[in-house]
Protein chains: 2
Amino acid sequence: MPRKHITGFSNPTVKYLRSLREKKHRKREGMFLAEGLRLVTEAREAGHIPQMMVVAEGRDSHPLIDTLEAAVESQGGDIITTSKDILSKISGKDNPQSIVGVFRDFDVPLAQLDRTTSDIWLVAQDMRDPGNLGTMLRTGDAVGAGGLILIDHCVDPFSVEAVRASMGAVFTQKVVQAPWGDFLQWLRSGPGQLVGTSLNTDTDYQAERYTAPTFLLTGNEAQGLPADYEAECDVLVKMPMMGKADSLNAAVATAVMAYEVLNQRRA
Amino acid sequence: MPRKHITGFSNPTVKYLRSLREKKHRKREGMFLAEGLRLVTEAREAGHIPQMMVVAEGRDSHPLIDTLEAAVESQGGDIITTSKDILSKISGKDNPQSIVGVFRDFDVPLAQLDRTTSDIWLVAQDMRDPGNLGTMLRTGDAVGAGGLILIDHCVDPFSVEAVRASMGAVFTQKVVQAPWGDFLQWLRSGPGQLVGTSLNTDTDYQAERYTAPTFLLTGNEAQGLPADYEAECDVLVKMPMMGKADSLNAAVATAVMAYEVLNQRRA
């Protein structure tokens, strides 16, 4: 199958790929970018084949790239070769990865989420940092969570930064985006313990026994959870804070909580 | 005391402040920037008064700013007022914080580190992401660690990004920078258990009893610890990984370990 080769910076495909760095274009197209051989390979292993893959010309042969190219072509996708300079333009970085995959996004409607598939679910409210969000996905994968439910105005889980920080977990974790009211209604339609991490409690996170499925709710990086959201939680807990600061990084707090739940289950 | 007011983009002080965004200039000057009222206030509370403080003109009065200004002036430091545009130029951001503090850096020589001041110390090897490094400082504060020892080619703990991610902990945690050989010699000259987080072990991190003072060693984000570094550890442990990925984010792994050590101590 002949491959396309792009040489011009003003090529429409280059413009299209660059546009996917912006949320509004990702939403409109329903597509997103994942950069790097490792990420694209992890996507394939999770069953996500890029609809288009851009590969640096003159790269050394690599069996993983051959496997990816074969997978893309067997699905009718496009393989495009181009220069490092154009890859730089696409990625916005001086040293771009030599592979970029273009994937259809795949967040799951809340109504289709099957809570029986895991004992741990992560829930983020108004999370603003794409690195934190991607790190939560990565942690979710590590603890065997079913997925990450994004409440209110979280950053886009399909941004390049979030996808990168997830280290591939964006392809293996279920990703749901829902308003708080919808989430709460869905949650209460079945079993589930809603656990909020909060400064407004004296309950130590290790003093509580968590029941499955556990939904671990972490609030906005700067504000924490709104008071009326905390009021809906089955339990509020906090980590001990021995120093001057009153809170942990949001992704760190989620991970400490998630490992506590996992540890209780495996104890 | 009369304050300086800067109106020109080419003012030498503006150039000086901008230069402190780059590591080589920070090293040469021995100074670094912390942005925002919260960070500068936490610095003051930890005993670090900026040698220079830049404040946006026309800002609303705020008692915390008044306190900071008084502290700076009592130490003979400079208060500079300037426009939002020039603050944008200094910070490199469209929406700059309305306060920037300029601080003398203060990493501690290894020989002056008193290991008896805490039961937990964090050690990072070749950590490349300033957000991870700052987050480790923040976690260190939370678990009551004594400080963070940076081995080999870690990113600069006084970069704007690391300082921001530390949420002030850079001012409360001891920060040491040392080559591996020096660290190891220092470590073995006194009590201390060196615990490495690694994929090359079957020892679960909860199966080990940690002895004080515990030095928690986390390796480079992409490579982990070098084999010869792992060989020097008293124990290698790993967190359970239930998903597809084989590792956690480095700052997350450090936090999960650090809370395990803290939890064993308080149990």
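The values are calculated or read from the model by the stated rules, or taken from the named source; none is laboratory data. Since the model is a prediction, treat every value here as computed from it, not as a measurement. Methodologically, a virtual Cβ is constructed for each residue, glycine included, from the backbone with ideal geometry; neighbour enumeration extends over all protein chains shown. Areas reflect the complete protein model, heavy atoms only, side chains present, ligands, DNA and RNA absent. Shrake-Rupley method; radii C 1.70, N 1.55, O 1.52, S 1.80 Å.
Computed values, structure above
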quantity: Residues of the range A:161-198 satisfying the condition of being in contact with an Asp or Glu (Cβ under 6 Å, 6 or more places away or on another chain), surrounded by fewer than 20 Cβ atoms within 10 Å (Cβ to Cβ) and within 14 Å of chain B (Cβ to nearest Cβ); calculated: none
quantity: Only one of B:ALA207, B:ALA245 that is within 13 Å of chain A (Cβ to nearest Cβ) and open to solvent by less than 60 Å² (accessible area, probe 1.4 Å); calculated: B:ALA245
quantity: Residue within the range B:222-237 that is facing another protein chain (nearest Cβ under 10 Å) and not aliphatic (A, V, I, L, M) present; calculated: no
quantity: Candidates B:GLY224, B:GLY243 - the one that is on the phi > 0 side of the Ramachandran plot and either outside the structural domain of B:LEU39 (by TED's automatic domain parsing) or out of contact with any strand residue (DSSP E or B) (no Cβ under 9 Å at 6 or more places or on another chain) (or both); calculated: B:GLY224
quantity: Odd one out for A:ILE151 among (1) open to solvent by less than 10 Å² (accessible area, probe 1.4 Å); (2) over 14 Å from the mean Cα position of the chain (by Cα); (3) not hydroxyl-bearing (Ser, Thr, Tyr); calculated: (2)
quantity: Scan of the range A:1-19 for residues that are open to solvent by less than 70 Å² (accessible area, probe 1.4 Å) and within 17 Å of A:VAL72 (Cβ to Cβ), ordered by number; calculated: A:ILE6, A:THR13, A:TYR16, A:LEU17
quantity: Filtered residues of the range A:210-242 (kept if open to solvent by 50 Å² or more (accessible area, probe 1.4 Å), in a strand (DSSP E or B) and over 26 Å from A:VAL155 (Cβ atoms)); calculated: none
quantity: Unmet requirement for B:MET257, which otherwise passes all of (1) more than 9 Å from chain A (Cβ to nearest Cβ); (2) over 13 Å from A:ALA255 (Cβ atoms); (3) part of a helix (DSSP H, G or I); calculated: (2)
quantity: Selected residue (criterion: surrounded by the most Cβ atoms within 10 Å (Cβ to Cβ)) from residues of the range B:130-146 that are under 24 Å from B:ASP228 (Cα atoms) and within 11 Å of chain A (Cβ to nearest Cβ); calculated: B:MET136
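Table: residues versus (1) modelled with pLDDT of 95 or more; (2) in a strand (DSSP E or B); (3) within 22 Å of A:THR41 (Cβ to Cβ).
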{"position": "A:LEU137", "(1), (2), (3)": "yes, no, yes"}
{"position": "A:GLY140", "(1), (2), (3)": "yes, no, yes"}
{"position": "A:ILE149", "(1), (2), (3)": "yes, yes, no"}
{"position": "A:HIS153", "(1), (2), (3)": "no, no, no"}
{"position": "A:PHE158", "(1), (2), (3)": "yes, no, yes"}
{"position": "A:ALA162", "(1), (2), (3)": "yes, no, yes"}
{"position": "A:VAL175", "(1), (2), (3)": "yes, yes, yes"}
{"position": "A:PHE183", "(1), (2), (3)": "yes, no, no"}
